[in-house]
C-alpha cells in the first residue's frame, strides 16, 4: 500500500489517547513510506496526523473543498493540495488517489466518509480495504449498531465483514496489508433481493 486516506476529526477530543493514536499512525506511515491523503486541515486529529508525518519527511496530500479553504484551516506545509468545488468532488479525488481507507475518531463528517467507503466496496465499485482504528473503544457503539443491523436483517454478515477493525496501529495495518477483496457478486445479489 502506497497511499492511504485517513478520515478523522478536526477536533482532537478530550482524551490525549486519541492524539497519541494519530501520532502512532503518522509514525507508522512515515516509517513504511506510506503517503497520507486526508482533508487538508491543520487542526484537530487531522493536523496532528499531518504534522507527525511531515516532521518525519513523509508525504502528505490534502484534498479540501473551496468552502473550507481558509487560512486558519488549511495546513500550510503539505506536499500537495487539491482544492475542489464540492464535498462530493473531494471524495472522488481521494478515492482515485489511494489504495485503502482508515478511520480515526471524529464526528459526522468522519462517519459519513467511512460509510461511503464501505458502500463503494459493498456495491463492488471499489475493492479497497476499509480500516477502523478503534482507539479507546471509541467506535464500540458504532460496531454494536452494525451488529444490530446484521441481526435485524438490514446488513449481511459478508458486508459487515468488509470493515477491518483493530485497537492498535500494527494490528490494523497487518489486516490492511493482508486484505483480499471478497467476491462481491454474490453480495450484490443479496442486496438486490432484500
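Since every read-out is calculated from the coordinates, none of them should be taken as a lab result. What you see is a predicted model; the values in this text were computed from it and never measured. Cβ sites come from the backbone with ideal geometry, for glycine too, and all protein chains shown count toward neighbours.
Observations on the structure shown:
- Within region 107-114, one or more residues are within 16 Å of the chain's Cα centre (by Cα) and in a loop (DSSP other than H, G, I, E, B).
Okay, residues lined up against (1) closer than 21 Å to residue 2 by Cα; (2) loosely packed, with under 14 Cβ neighbours inside 10 Å:
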{"residue": "105", "(1), (2)": "no, no"}
{"residue": "113", "(1), (2)": "yes, no"}
{"residue": "123", "(1), (2)": "no, yes"}
{"residue": "131", "(1), (2)": "yes, no"}
{"residue": "142", "(1), (2)": "no, no"}
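- Number of the condition not met by residue 76 [criteria: (1) more than 17 Å from residue 4 (Cβ to Cβ); (2) in a loop (DSSP other than H, G, I, E, B); (3) touching a residue at least 40 places away in the same chain (Cβ under 8 Å)]: (3)
- Residue in region 155-165 that is surrounded by the fewest Cβ atoms within 10 Å (Cβ to Cβ), counting only those that are without any contact (Cβ under 8 Å) to a residue 40 or more places away in the chain and in a loop (DSSP other than H, G, I, E, B): 161
- From the options 31, 42, 3, 69, residue that is touching a helix residue (DSSP H, G or I) at 6+ places or on another chain (Cβ under 9 Å), surrounded by fewer than 22 Cβ atoms within 10 Å (Cβ to Cβ) and more than 30 Å from residue 158 (Cβ to Cβ): 42
- Restricting region 31-42 to residues that are outside any strand (DSSP E or B) and in contact with a strand residue (DSSP E or B) (Cβ under 9 Å, 6 or more places away or on another chain), the residue that is farthest from residue 5 (Cα to Cα) is 42.
- Of the criteria (1) touching a helix residue (DSSP H, G or I) at 6+ places or on another chain (Cβ under 6 Å); (2) closer than 24 Å to residue 171 by Cα; (3) surrounded by 14 or more Cβ atoms within 10 Å (Cβ to Cβ), which one residue 117 fails: (1)
- Among (1) surrounded by fewer than 20 Cβ atoms within 10 Å (Cβ to Cβ); (2) assigned to a helix (DSSP H, G or I); (3) out of contact with any strand residue (DSSP E or B) (no Cβ under 9 Å at 6 or more places or on another chain), the one test that residue 52 misses: (1)
Residue-wise test of (1) under 16 Å from residue 111 (Cβ atoms); (2) in a loop (DSSP other than H, G, I, E, B); (3) free of Cβ contacts under 8 Å to residues at least 12 places away in the same chain.
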position: 126; (1), (2), (3): no, yes, no
position: 132; (1), (2), (3): yes, no, no
position: 136; (1), (2), (3): no, no, no
position: 143; (1), (2), (3): yes, no, no
position: 146; (1), (2), (3): yes, no, no
position: 172; (1), (2), (3): no, no, no
position: 175; (1), (2), (3): no, no, no
position: 180; (1), (2), (3): no, yes, yes
